[in-house]
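J.: Can you read through this structure? Questions will come right after.
The values are calculated or read from the model by the stated rules, or taken from the named source; none is laboratory data. Given the structure is predicted, the values throughout are model-derived calculations rather than measurements. Don't worry about glycine lacking a Cβ; one is built from the backbone with ideal geometry, like all the others, and counts go over all protein chains shown.
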Amino acid sequence: MIDTDAVVIGAGPVGLFQVFQLGLLGLEAHVVDVLPEPGGQCVALYPDKPIYDVPGIPACTGRELAQLLLDQAAPFLPRDAQGHSTRLHLGQQVAHLSRDDCGHFKLTTQQGRAFRARAVFIAAGAGAFVPRSLNLPGLGDCTNVHHHLPDAGQPAPWAGQHVVVCGGGDEALSTVVALSADTPERRPAQITLQHRRDVFQAEPELDAAVRLLMRDGAVRLQTGLPDALDTDGGRVTALRLLGSDGQPVSLPLDHLLIRQGLSPRLGPLAEWGLTLERKQVSVSSATFESNLPGVYAVGDVNTYPGKKRLLLCGFHEATLAAHAASAALNPDAPQHLLYTTTSPLLKQRLGRA
């Protein structure tokens, strides 16, 4: 059980800024996200596309914005000796939320991690982003089916083997390029891109890069619709396809890497007793607290009169939610508005005293 002041659900830009704002007010926060890296949809869906409407930043990519926010929140996301943040819990989806007799929240993830917190901040965007998979019986039970690339420094499970990458969008094509350019000790012996047809829905530069790899024989293309699996001992041994001519095709493989994008789902959040309007959490526009006292919602996941689903609005919401929570958790403490330019206390908390 991890005891903390607050748990932030969602490590996207608004969730990371929420940690920063809570830290300025002296509140410790742990962050939970179902994705394997921070940044939310900015990193998962458009990591290299420019964003132009963040105040003070004329242009930056989704990945650059996530890193800037991580750098900003770094004083409140301490790291261990191995360089891992002890308050950032990735690859974890919050499944259960309850409240004990002392008024503390207990949260547990599907992966078994447990938290006890005095406040909860939902910054889940449009919901938990989960990978789109193939609708094939038995797929989820196979140990050599993957939806994410391994973290940098982690061993590649398909090194020296045949990996089939499913998909025809930016995510799949960028994966093929990355695998082809990987170091010799991590690179697959064979890469096959599997898509329903020889037409991709990707940026022209990516399309051209993959076509060049195909021309040079570094990547093979196999078209068709996935229809079934051949398995042996809990592993996929071949992907069965239905060709454009209606004939079956068997595609042998060692590893299946499905890269068909992400789909947002509210998931267990919809069962916590929150008031929802069109799959968004209804909140007060003054405090961004939901109908459950102590549970706040910020960013695209919330709704209120006049709501605008803009990133900069999420930053504003996180700020007001942090101040509302601070006042509720410390009712006897004076709630003075401090400024980072002049406050010795805030500079101390930021490590700049």
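J.: Among the listed residues V295, V301, which satisfies the condition of being β-branched (V, I, T), within 23 Å of G62 (Cα to Cα) and crowded, with 18+ Cβ neighbours inside 10 Å?
T.: V301
J.: Ok, one more. Since D141 meets every condition but one in (1) surrounded by fewer than 16 Cβ atoms within 10 Å (Cβ to Cβ); (2) at pLDDT 90 or above; (3) closer than 30 Å to A270 by Cα, which condition does it not meet?
T.: (2)
J.: Oh, and also: Kindly check whether there is at least one residue in segment 31-43 that is at pLDDT 95 or above and not aromatic (F, W, Y). I'd like the intermediate steps shown before the answer.
T.: The first filter runs over segment 31-43 and keeps only residues at pLDDT 95 or above, leaving 31-32.
Subsequent filtering for residues that are not aromatic (F, W, Y) retains 31-32.
So far as segment 31-43 goes, yes, one or more of its residues are at pLDDT 95 or above and not aromatic (F, W, Y).
J.: With respect to the numbered conditions (1) closer than 30 Å to D3 by Cα; (2) out of contact with any Pro (no Cβ under 6 Å at 6 or more places or on another chain), which one is the sole condition not fulfilled by A159?
T.: Here A159 meets the rest and fails (1).
J.: Let me confirm something: among V210, V145, V164, which residue is β-branched (V, I, T) and within 30 Å of V31 (Cβ to Cβ)?
T.: The conditions single out V145.
J.: Touching a residue at least 40 places away in the same chain (Cβ under 8 Å) and over 23 Å from P157 (Cβ atoms): is that true of R197 in this structure?
T.: Judged against the criteria, R197 is a match.
J.: Might you check whether a residue that is β-branched (V, I, T), within 28 Å of Q41 (Cα to Cα) and over 21 Å from the mean Cα position of the chain (by Cα) occurs anywhere in segment 245-255?
T.: no
J.: Another question, if that's okay. Return the residues of segment 150-167 that are assigned to a loop (DSSP other than H, G, I, E, B), crowded, with 18+ Cβ neighbours inside 10 Å and in contact (Cβ under 8 Å) with a residue 60 or more places away in the chain; say none if nothing qualifies.
T.: Correct list: W158, G167.
J.: Of the residues A29, A44, which is of a type in the set (A, V, I, L, M), more than 15 Å from G299 (Cα to Cα) and out of contact with any helix residue (DSSP H, G or I) (no Cβ under 8 Å at 6 or more places or on another chain)?
T.: A44
J.: In addition: Look through P78, P184 and report the one residue that is surrounded by fewer than 16 Cβ atoms within 10 Å (Cβ to Cβ), outside the structural domain of Y296 (by TED's automatic domain parsing) and of a type outside the set (A, V, I, L, M).
T.: Step by step, each of P78, P184 is checked, and only P184 is surrounded by fewer than 16 Cβ atoms within 10 Å (Cβ to Cβ), outside the structural domain of Y296 (by TED's automatic domain parsing) and of a type outside the set (A, V, I, L, M).
J.: Given the conditions (1) in contact (Cβ under 8 Å) with a residue 40 or more places away in the chain; (2) in the same structural domain as V19 (by TED's automatic domain parsing); (3) crowded, with 18+ Cβ neighbours inside 10 Å, which single one is not true for F288?
T.: (1)
J.: Turning to a different aspect of this structure: Identify all residues within segment 319-353 that are of a type in the set (G, A, S) and part of a helix (DSSP H, G or I); write none if there are none.
T.: A321, A322, A324, A325, S326, A327, A328
J.: Right, here's the next one. How many residues, within segment 261-278, are closer than 27 Å to V43 by Cα and assigned to a loop (DSSP other than H, G, I, E, B)?
T.: The total comes to 3.
J.: For T319, which of the numbered conditions (1) under 22 Å from C42 (Cα atoms); (2) hydroxyl-bearing (S, T, Y); (3) in contact with a Lys or Arg (Cβ under 8 Å, 6 or more places away or on another chain) fails to hold?
T.: (3)
J.: Can you name every residue in segment 32-62 that is charged (D, E, K, R) and either surrounded by 16 or more Cβ atoms within 10 Å (Cβ to Cβ) or touching a residue at least 60 places away in the same chain (Cβ under 8 Å) (or both)?
T.: D33, E37, D53
J.: If L65 passes every condition in (1) surrounded by 15 or more Cβ atoms within 10 Å (Cβ to Cβ); (2) under 27 Å from P268 (Cα atoms) but one, which one does it miss?
T.: Unmet condition: (2).
One line per residue, one yes/no per condition, for (1) at pLDDT 90 or above; (2) out of contact with any His (no Cβ under 6 Å at 6 or more places or on another chain); (3) under 27 Å from P157 (Cα atoms):
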residue: D227; (1), (2), (3): yes, yes, yes
residue: D230; (1), (2), (3): yes, yes, yes
residue: V249; (1), (2), (3): yes, yes, yes
residue: L262; (1), (2), (3): no, yes, yes
residue: R265; (1), (2), (3): no, yes, no
residue: T275; (1), (2), (3): yes, yes, no
residue: A286; (1), (2), (3): yes, yes, no
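J.: Here's a follow-up. Specify which of the listed residues (V281, V249, V236) is assigned to a strand (DSSP E or B) and either more than 30 Å from Q194 (Cβ to Cβ) or not assigned by TED's automatic domain parsing to the domain that holds Q201 (or both).
T.: After ruling out the rest, the residue left standing is V281.
J.: Sticking with this structure for a sec: Could you grab me the full set of residues in segment 323-353 that are in contact with a Gly (Cβ under 9 Å, 6 or more places away or on another chain), aliphatic (A, V, I, L, M) and touching a residue at least 24 places away in the same chain (Cβ under 8 Å)? Don't jump to the end; show me each part of the working.
T.: So in segment 323-353, the residues in contact with a Gly (Cβ under 9 Å, 6 or more places away or on another chain) come out as 325-326, 328-330, 345, 349-350.
The next check asks that each one be aliphatic (A, V, I, L, M); those that pass are 325, 328-329, 345, 350.
Of everything in segment 323-353, those that are in contact with a Gly (Cβ under 9 Å, 6 or more places away or on another chain), aliphatic (A, V, I, L, M) and touching a residue at least 24 places away in the same chain (Cβ under 8 Å) turn out to be A325, A328, L329, L350.
J.: If H96 meets every condition in (1) in contact with a Pro (Cβ under 9 Å, 6 or more places away or on another chain); (2) surrounded by 14 or more Cβ atoms within 10 Å (Cβ to Cβ); (3) in contact (Cβ under 8 Å) with a residue 60 or more places away in the chain apart from one, which number is that one?
T.: (2)
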